[in-house]
1. Working carefully through the options 12, 72, find the one that is at pLDDT 70 or above and either part of a helix (DSSP H, G or I) or surrounded by 16 or more Cβ atoms within 10 Å (Cβ to Cβ) (or both).
2. Which of the following residues is closer than 25 Å to residue 397 by Cα and in contact (Cβ under 8 Å) with a residue 12 or more places away in the chain: 308, 282, 254?
3. So which residues in the range 265-276 are on the phi < 0 side of the Ramachandran plot and over 25 Å from the mean Cα position of the chain (by Cα), if there are any at all?
4. How many of the residues in the range 361-407 are closer than 26 Å to residue 267 by Cβ and without any contact (Cβ under 8 Å) to a residue 60 or more places away in the chain?
5. Any chance the range 452-475 includes a residue that's surrounded by fewer than 18 Cβ atoms within 10 Å (Cβ to Cβ), modelled with pLDDT under 70 and outside any helix (DSSP H, G or I)?
6. Do we have any residue at all in the range 364-376 that's modelled with pLDDT of 90 or more and in contact with a helix residue (DSSP H, G or I) (Cβ under 7 Å, 6 or more places away or on another chain)?
7. List the helices (runs of 4 or more DSSP H) inside the range 110-214, counting only whole elements, that have at least 3 residues being surrounded by fewer than 16 Cβ atoms within 10 Å (Cβ to Cβ) and at pLDDT 75 or above.
C-alpha cells in the first residue's frame, strides 16, 4: 500500500504546533541576523589582516548582490515545491559559505566566498516570513512576532560584542581571531538544520508551474552591474568608462527582465500582475524608499558614534541599543493593536512620518551634541521602522492568494533590499564626497582661534603641526582627505586639534540625514495611497488546503477525457 502524505488540517494550527515550527525558523533567522552584525563590526580588522582595506567594499557588495538576486527565486521555487526543502537548502549553503570565508587568504577570495554566503542568506529571511504567512492568520500574527523580535534584538546586542571580541583576538585555538567571525556560524547553522528537520512538517501540494529561469538570468544581468556601480561608483567616478558600461548593461538587463516577465505572465519570477494589485504596488514602492532611509541611517549612525564620538566598534553597537528597543516596541505595539482591531493602514503612515522627522532631527545633531539626546532620536527612528516592518509584510501577504504567499513575501523583501543597497551606496557616497570640503572649511575657521593656535604651538603636537604646514603648502587637501584613509589618528590627537575634524565629519553627516529625510517625505506621500484590505481570519496554509481539496473534487467530478 502506498504511503500517504500527511493530512492537512482543516482548521488553523494549534499554538503548540506554531511555536514548534517557530523554533526552527528563529534559528535560521538568527543565523543571518547575527552574521550581519558580527561582520559589520569586524570588517575593518579583517581587511587590515588580509592587506586589502581599499577592497573591503567588495566583501559587502558581493553578499548584497547574490542575496538580493536569489530572494525572488526562493519565493517562487518554494511556492511550487514547498518551503521546508528550500529553507534547509538556504541554511546549508550559508554554512558552506561561512566555512569558505574562514579559509580566505585575500579580500577578493573573501568577496567570492561572501557571495556564496549570500546565496543562502537570500532565502533565510524571505522564507521564514513566508512560512509565518502560511501558518498564522493575519489577525493572529502579532501574538508570535515577539519571538522574531527577540531574535533581532538579541543579534543586535550580541553581534557587535561577539564581533568585537573575535576581531580583538590575535588567535584563538590556533586560528586567527577574525576567522571565528565566520566559523561561529557553523554550529549555529547545524543546530538550525536539525531543528528545522524535526519541527517543520507542513503538507505541500506541488503546483504545476514552469520555473522562470530566463527571468532569473535577466534579473541578474540587470541588477549586478547596477549594484556594482552603486557600490563602486564613488571610487571609479560616476562618469567613468566602467560606470557607463554598468549603466548600459544594467539598463538592457532590466528591460529584458520586464519583457520576459510580461511574456511569462503568472509563471513569472515576479509576476507583473502582482504589482497591479494596489496594496502590493504601493507597499513595494514604499519599501524601496524605506529601505534607502533605513540602511542609509544604519550605515551612517555607527560611523558617527565611532569617528565623531570616539566609540569602539563594540561600544558603538551597544550605543545603538535604543534604536533596537524602538524597533521592538514599535513592532509589538503595532502588532497587538492590529490583532485586536484588524486595521493596519495607520501604522505604516505614522511610521513613515516618524522616520522622516527623525532623519531631519539627526540633521541637527552636532559633534558636541550629548549622546543621550541622540539616543532619544534613535528611539523614534526605531519606532518608525517597527511600525513599518510587520504591517507592510502583513498587508502584502493579506492582499494575494494563499498560493502566492511565497512570491509576494519575497517581492516585499526584494524591494526593501534594493532600497537598502541603493541607500547605503548613495548615502555613503554623499558622506565621503563632502567630508574633505567640510573638514577643510572647519580647519580654516579653527586656525584663527587662540585655542587652536595654542594647541599647534604645544611641543607635544609638533608632528601634527609639521604635517599641517606641509599640507597647506601642498594645497591644503592632505589633512582633510587623510581622515578618509585612516581615521584612527583622531583618537590620539589633542582634542583641541581634533575638534575641526569631528565638526567637519558631523557637518557632512548633516547633509546625509537631510537627504534621507527628504527621501522619507516622498515615502510618506507614497504610503498615503496604501489601501486598507480586511485581514483574513484563517491561515494561508488552511485556506490553501481548502483550495487543494476543491481542485481535487472538481477533477474527480469532471467527465473523463475522450480518447482519440
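1. Working: 12 fails: at pLDDT 70 or above.
After applying the criteria, what remains is 72.
2. Details: 308 fails: closer than 25 Å to residue 397 by Cα; 254 fails: closer than 25 Å to residue 397 by Cα.
Exactly one residue qualifies, and that residue is 282.
3. Applying the first criterion (on the phi < 0 side of the Ramachandran plot) to the range 265-276 yields 266-276.
Once the filter is applied, which keeps residues that are on the phi < 0 side of the Ramachandran plot and over 25 Å from the mean Cα position of the chain (by Cα), the range 265-276 yields 266, 267, 273, 276.
4. Summing the residues that are closer than 26 Å to residue 267 by Cβ and without any contact (Cβ under 8 Å) to a residue 60 or more places away in the chain in the range 361-407 gives 1.
5. Yes, that holds for at least one residue.
6. Yes - at least one qualifying residue is present in the range 364-376.
7. Working: elements: 142-168, 180-183, 185-199.
Passing ranges, in order: 185-199.
The values are calculated or read from the model by the stated rules, or taken from the named source; none is laboratory data. Because the structure is predicted, anything quoted here is derived from the model rather than measured. All Cβ positions, glycine included, derive from the backbone under ideal geometry; neighbour counts span all protein chains shown.
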